[in-house]
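The structure appears below as structure tokens.
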């Protein structure tokens, strides 16, 4: 198996200085022009709050340097599940943009130790759990992820786009002190650093595959549903990601073989549901 070390930097995107400082300190990043913090391996930017601010700043960063290996959106999130502990880390595998109802799917191929979650991206702070009932499978919430992802995917494939969140509250209105928030992040710094090193050590290897029988079933679905080339590519990438995470998705595929969409609308809806199930 051939290996080739890559020296392209990783872009780190945070919304707030309180999220950025622990990372900058742990990674020994130094302040540079354009409001960036850098070293040879990483560039960190602070975008400000909101999906539009995140999208603009992420696009600007790629415009200034289009040679990034990967990009990570790191920050705080609220939780609508009272069972979630404050300080939990979550890897985001689906992003719901609440103002449009659109879903976006990062494609996690690098191993990690965290639970995966879908996230809701709102334009205003969420303080009422009922607001989250529109998508009950997405139990965490932020204000940046959808804007970040839509900007990043213009420059990198989904498997190079990562979104990691730390649960900082359970939708309560009381604000935590800066010291408390930084302490939550400091506890997780070693885990984050390990994940970032895995990105930096990424190598050229044989393309990942899924079992032959499941690949044949996916090909059958692609043909019978008359998926577009873009949809076929996305379906295969999503299935590869599910297989690498050890997900048992054979039953999902078998059930879909019984579905026979009769229109483009039905096909697109079925395709969206299938990708959502594979991304769980």
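Between 107, 123, 133, which gets the highest mean-square fluctuation from a Gaussian network model of the chain, Cα cutoff 10 Å? The residue with the greatest mean-square fluctuation here is 133.
Using R₀ = 25 Å, calculate the FRET efficiency as 1/(1 + (r/R₀)^6) where r is the Cβ-Cβ separation of residue 110 and residue 266; round to 0.05. Step by step, r from the Cβ atoms, then E = 0.10. If the chain linking residue 230 and residue 65 were pulled fully straight, counting 0.36 nm for each residue of separation and taking away their Cα-Cα distance, it would gain 56.7 nm. Residues 109, 12 in ascending order of nearby Cβ atoms (within 10 Å, fewest first): 109, 12.
222 nm [θ] for the chain, helices only, -39500 (n - 2.57) per DSSP H run of 4+, per residue, to 500? Estimated from H runs of four or more residues: -12000 deg cm²/dmol. What FRET efficiency comes out for residue 40 versus residue 131 if R0 is 41 angstrom and r is the Cβ-Cβ distance? Round to the nearest 0.05. Once rounded, the FRET efficiency stands at 0.45. Put in line by how crowded their Cβ is, counting other Cβ atoms within 10 Å and starting with the fewest, 197, 139 read 197, 139. Would you mind checking the tilt of helix 264-278 against the longest principal axis of the Cα atoms of the chain, expressed as 0 to 90 degrees and rounded to 10? That helix lies at roughly 60 degrees to the long axis.
Taking 7 Å steps out from each Cα toward its Cβ at residue 273 and residue 201 produces label points 4.2 nm apart. Springs between Cα atoms under 10 Å define the GNM used for the chain, and in it the highest mean-square fluctuation of 264, 234, 41 occurs at 264.
Relative to the current alpha-carbon distance between residue 257 and residue 25, full extension at 0.36 nm per residue lengthens the span by 78.4 nm. Comparing mean-square fluctuations of 120, 154, 170 from a GNM of the chain with C-alpha springs under 10 Å, the top value falls on 154. Most simply put, the chain has about 30% antiparallel DSSP beta bridges, counting only bridges with both residues inside it. Looking at the calculated P(r) for the stretch 212-278, what percent of the C-alpha pair distances fall above 18 Å? Pairs farther apart than 18 Å: 26 percent. Rounded to the nearest 10 degrees, the inclination of helix 229-244 to the longest alpha-carbon principal axis of the chain is 70 degrees. Counting other Cβ atoms within 10 Å as a rough exposure proxy, the listed residues 110, 218, 46 run 110, 46, 218 from fewest neighbours to most.
Every number here is computed from the coordinates shown, using simple stated rules; none is lab data. Just so it is clear, the structure is predicted and the values come from calculations on it, not from any experiment. No Cβ is skipped: glycine too gets one built from the backbone with ideal geometry, and neighbour counts run over all protein chains shown.
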